[in-house]
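Written out below as structure tokens is the structure these notes cover.
Since every read-out is calculated from the coordinates, none of them should be taken as a lab result. Note that the structure is a prediction, hence the values are computed from the model and not measured. Ideal geometry is used to build each Cβ from the backbone, glycine not excepted, and the neighbour counts take in all protein chains shown.
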Amino acid sequence: MLVFTGFMGAGKTTASKTASRHLDVEPLDADVIFEERHGPIEHFFSSHGEAAFREREESIVLELLDRGEGVLSLGGGAVESPRIRDALRSHRVVWLDVDPDVAWQRATRGAQTVRPLARDRDAFMARFEARRPLYESLADAVLPGGTGVERALPWIEALPGGARMVWAPTDGGQYPVIVGSGVRTLDAHMPGRRFLVTDDVVGPLWAGDVPHDCRLVVWAGEEHKTLAAAEHLWRELARMEATRGDHVCALGGGVVGDLAGFVASAYQRGVPVVQIPTTIVAQVDAAIGGKTGVDLPEGKNYVGAFHQPRAVLADTEVLATLPDGERAAGYAEVVKTALIAGGRLWERVAAGAPVDADTVFACALTKVRVVAADERDGGVRQVLNLGHTVGHALETITGYRRLRHGEAVGLGLLAALRLSGQDALRRQVAGLLAGAGLPTRIDGIDPGEVVAATKRDKKRAAGDSAVPFVLVEAPGSVVHGAAVADDAVQAAVEELAR
Ligand SMILES: NC(=O)c1ccc[n+]([C@@H]2O[C@H](COP(=O)([O-])OP(=O)(O)OC[C@H]3O[C@@H](n4cnc5c(N)ncnc54)[C@H](O)[C@@H]3O)[C@@H](O)[C@H]2O)c1
């Protein structure tokens with residue numbers, strides 16, 4: 001059974017009607033059936049109380065789930081019942097993940113009879129926060145903002161057992177991000193020929209069972225994320241007579257994803273790209289969100305384009321061959337994402353959780369939410385640069401050779417936490433990074449040179465004198481655009497060099 005969950009005001013009834021039309025079945029609505037049997041929910045609540053409501057709701061939902069087929073929309077609180085949660089595990093659960101402010105507006109706007117649990121805003125928000133982890137842990141598919149039901153359905157139906165999906169809704173295109181073992185072989189429903197771009201390390205390991213028509217191989221490594229490599233790929237595509245009816249598929253880490261995505265964005269003014277990320281960095285971050293590009297000697301990612309993928313297939317199986325150093329580098333991005341997300345993801349990471357499919361999925365969900373709020377990096381998306389200002393500067397001054405991107409980000413995170421005045425959190429993060437085998441200090445660098453390199457960071461607006469930093473107030477509370485004085489940056493970098 002396809003089951004829609006989510007908070008009140010998430011749009012479950014509309015979504016289940018859409019899905020029912022698509023699947024040609026009658027939609028079932030647990031709240032409607034409750035009212036048929038027991039009268040209006042609001043009256044039942046006021047005369048019998050919430051506990052009695054939940055008890056009857058539980059028996060109705062279990063009965064409906066037992067039918068085994070169709071489309072069902074659940075009341076927002078049904079997931080609080082452990083018996084319902086257990087029963088849901090054998091069904092396909094879609095979470096309509098609505099913004100709490102939007103939910104509040106919808107639940108209260110113009111309602112003749114205000115819903116019983118939407119009378120007090122603070123209580124509403126507290127309930128929202130309490131239920132969010134339940135929705136998240138049960139969801140096979142997440143639709144942020146409740147959007148894209150119609151287009152997401154074929155993907156939801158085809159989701160292999162154990163895989164999970166988050167739908168990425170952006171103005172530049174909606175697409176699924178699928179996380180799970182073996183998903184690299186999924187049919188991405190793309191027309192034309194598939195030009196698989198991979199590197200000389202990943203190709204021999206994993207390209208074999210990824211469907212493709214032509215294979216283009218680049219040298220592995222950041223030093224090959226260049227215009228020269230892009231030109232080589234453009235010319236290969238032209239030589240093989242690739243057209244706009246075909247598509248590119250990037251199989252590799254962030255370097256291949258950024259490079260192939262950029263190539264796809266410009267080849268014949270844009271061909272579609274499917275991302276199959278093979279490193280942790282790429283699965284939790286780089287492959288999602290449509291930023292593509294290459295480096296110039298003057299700065300990292302200096303030339304690029306926004307080009308949203310048509311699908312992201314994050315196959316956790318391919319992480320098995322990742323060298324330890326790359327795994328550790330990916331962990332830095334996981335810690336960064338957990339600091340941004342806060343909540344359950346931060347708790348898990350802080351407690352030393354492994355980077356498994358659940359962690360990758362939670363990170364992907366965080367990235368999708370941030371990008372959905374600010375696709376073009378005009379505001380809140382900049383929080384994703386936490387640790388990157390100093391990180392990029394360290395990569396630039398060491399010629400992209402000495403540090404892996406993730407290692408640089410780890411050091412950058414420590415600098416950002418110092419600049420945030422978060423000593424205890426800095427120690428905690430340093431412990432997590434060191435535990436993963438990541439450096440927490442770097443010698444042989446000139447801090448002044450690092451500060452100078454941060455000033456060339458392309459994220460600065462023209463005329464800015466101070467470099468805008470992303471700072472952490474607490475896990476889950478991150479601010480962007482903070483002005484930080486040069487001497488404070490210098491001190492934070494000196495601490496890394498000590
Ligand atoms: N576009 C974005 O939003 C975004 C976000 C974060 C990072 N990035 C970019 O990503 C890049 C870093 O990505 P990365 O850390 O994935 O590095 P990478 O792509 O260089 O991969 C690291 C190494 O691991 C190898 N490798 C990849 N997958 C493997 C696997 N499954 N098994 C064995 N070896 C494997 C690669 O061949 C390479 O040698 C940087 O260029 C960074 O700027 C982009």
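I'd like the antiparallel share, as a percent to the nearest 5, of DSSP beta bridges with both residues in the chain.
35
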For V467, the residues 5 or more places away or on another chain with a placed amide H closer than 5 Å to its own amide H are V484
Placing +1 at every Lys and Arg Cβ and -1 at every Asp and Glu Cβ, with all other atoms neutral, what dipole size does region 235-326 have around its Cα centre, in debye to the nearest 20? 480
Relative counts (whole %) of C-alpha pair distances in region 378-498, using bins that are 10 Å wide: 14, 51, 32, 3, 0
How would you classify region 320-403 from its alpha-carbon gyration tensor, with a ≥ b ≥ c the square roots of the eigenvalues: rounded for a/c under 1.5, else prolate if a/b is greater than b/c, otherwise oblate? oblate
At 25 °C in a medium of viscosity 0.890 mPa s, region 174-311 has a Stokes-Einstein diffusion coefficient, with Rh taken as the Kirkwood radius over alpha carbon pairs, in µm² per second, of 169
Per-residue HN-Hα couplings for region 189-198, Karplus 6.51 cos²θ - 1.76 cosθ + 1.60 at θ = phi - 60°, whole Hz, x for Gly and Pro? 6, 10, x, x, 7, 9, 9, 7, 9, 9
Determine, at each q value in 0.11, 0.18, 0.20, 0.21 (inverse angstroms), the log₁₀ of I(q)/I(0) that the Debye formula gives when each Cα of region 254-409 is one equal point scatterer. -0.41, -1.17, -1.44, -1.57
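Over region 375-440, what lengths in whole Å, largest first, do the semi-axes of the equivalent ellipsoid take, defined as the square roots of 5 times the eigenvalues of the alpha-carbon gyration tensor?
Sorted largest first and rounded, they come to 19, 18, 10 Å.
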Pull up all non-local amide H partners of V303: gap of 5 or more, or a different chain, and H-to-H distance under 5 Å with H placed in the peptide plane. V294, L296
Taking the Cα centre of each part, how many Å lie between region 299-325 and region 208-270? 13
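Which whole-number percent gives the relative contact order of region 362-483, counting Cα pairs below 8 Å spaced six or more residues apart? Numbers along the way, then the final one.
Working: 143 pairs, mean separation 32.4, N = 122.
The value is 27 percent.
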So if each residue of separation counts as 0.36 nm, and I subtract the Cα-Cα distance between A123 and S137, what length gain in nm does that give? 2.8 nm
If you take the beta carbon distance between E231 and R193 as r and set R0 to 35 Å, what does 1/(1 + (r/R0)^6) give as a FRET efficiency, to the nearest 0.05? 0.95
Would you mind calculating the relative contact order of region 190-257 from Cα pairs under 8 angstrom and at least 6 residues apart, reporting the percent as a whole number? 51
Could I get the Rg over Rh figure for the chain? Both from C-alpha atoms, Rh via Kirkwood, rounded to two places. 1.00
Cα-based Lys pair tally, the chain, threshold under 16 Å, eight or more apart or on separate chains: 10
Near the amide H of C249, under 5 Å away, which other amide H atoms are found, from residues 5 or more places off or on another chain, if H is placed in the peptide plane? F195, L196, V197, V274
Determine the gain in length on full extension of the stretch R344-K455; use 0.36 nm per residue of separation and subtract their C-alpha separation, reporting nm with one decimal. 36.5 nm
Quick one: H38, H224, H48, fewest Cβ neighbours within 10 Å first, how do they rank? H48, H38, H224
Modelled FRET efficiency - R0 22 Å, D324 with T440, Cβ distances, 0.05 increments: 0.85
